[in-house]
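The values are calculated or read from the model by the stated rules, or taken from the named source; none is laboratory data. Quantities reported herein were computed from a predicted structural model and do not represent experimental measurements. Glycine also receives a Cβ, built like all others from the backbone with ideal geometry; neighbour counts cover every protein chain displayed. Remember, those area values only see protein heavy atoms, side chains included, never the ligands or the DNA or RNA. Shrake-Rupley method; radii C 1.70, N 1.55, O 1.52, S 1.80 Å.
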Amino acid sequence: MQELIDSLMSYLADNWPELLWIAVAAGVASALAGRRSVAQWQQREFLDRLNVSLTYIDQGTLQIRTILEMDVEDIFLNRAAASELVKLAKGTTPENPLIPIKAEDRWYYLNAVLNEVSERFAEGHMKHAVGADVTEEQFLIALTCERAGRVRTQKIRALLMKQSFLENLPEDEPSYESPNHAKRWESMQFLAEQWQISPDHFLSLRLCL
């Protein structure tokens, strides 16, 4: 035991500058991470999370329901791709919530989200494959980061909506479960226009229930 203690003391004596530097660096990194977390909380900005949000109208009331929420890196499985999406999400505006992804990259980002959503409905697809009775519906996905208005938190949101709903939005403004949902209605109106003029911002998927 004494030999082990002597060896450890000798190692510390020979390497204390490097060990001190490591300790200082770790402390600084921890402090910066803490400050970043506080800033994110104060600004209600959590762009490292991706929320898949189903939007529809039921009996005149706009409904917003979370289908899934995950860390961005867990969805795209590539740190560079995830970091790029977070950076691009900061470029959205109150008037345009669509994340400005380059045209050649849009399918890859959207398809990664589609795979996560589709996995949640795997049972329905299997039933359909064996001829069981299921309900099929065509949906659209668009990657957004809604700004301003009464949005409580800033997140990357994959808005999920029935294609028929987006193509036939009612003219009258719906009622809201929460005043904060008024911004989503604005987003739906904007997306309805974009679906007609720039459909490559969307990805279509058929879900079975």
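Can I get the semi-axes of the stretch 96-140's equivalent ellipsoid? Compute them from the C-alpha gyration tensor as square roots of 5 times the eigenvalues, in angstrom, largest first.
29, 11, 8
How much accessible area per residue does the stretch 54-209 have, counting only protein heavy atoms and a probe of 1.4 Å, in square angstrom?
54 Å²
Any aspartates and glutamates with Cα under 17 Å of the LYS102 Cα? List them, leaving off those in the same chain fewer than 8 positions away.
Once the sequence-local aspartates and glutamates are set aside, what remains near LYS102 is GLU84, ASP200.
Taking only the alpha-carbon positions of the stretch 135-200 and ignoring solvent, what does the Debye formula give for the base-10 log of I(q)/I(0) at q = 0.20, 0.22, 0.25, 0.26 Å⁻¹?
Log10 of I(q)/I(0), two decimals: -0.89, -1.06, -1.27, -1.32.
What is the local net charge at THR93, summed over the other residues whose Cβ is closer than 14 Å to its Cβ (Lys, Arg +1; Asp, Glu -1)?
Neighbour charge sum, excluding THR93 itself: 0.
Give the lysines whose C-alpha is closer than 30 Å to that of LYS127, dropping any in the same chain fewer than 8 places away, or say none.
Excluding near neighbours in sequence, the set is LYS162.
Please state the Cα pair-distance histogram of the stretch 54-209 with 10 angstrom bins from zero: what percent is in each bin?
10, 39, 37, 13, 1
According to the square roots a ≥ b ≥ c of the eigenvalues of the Cα gyration tensor, what is the shape class of the stretch 169-209, taking rounded for a/c under 1.5, prolate for a/b larger than b/c otherwise, and oblate for the remainder?
Because a/c hits 1.5 or more and a/b fails to exceed b/c, the stretch 169-209 counts as oblate.
Whenever you get a sec, compute what percent of the accessible area on the stretch 65-209 sits on carbon and sulfur atoms (1.4 Å probe).
With neighbouring chains kept in place, the figure for the stretch 65-209 is 48 percent.
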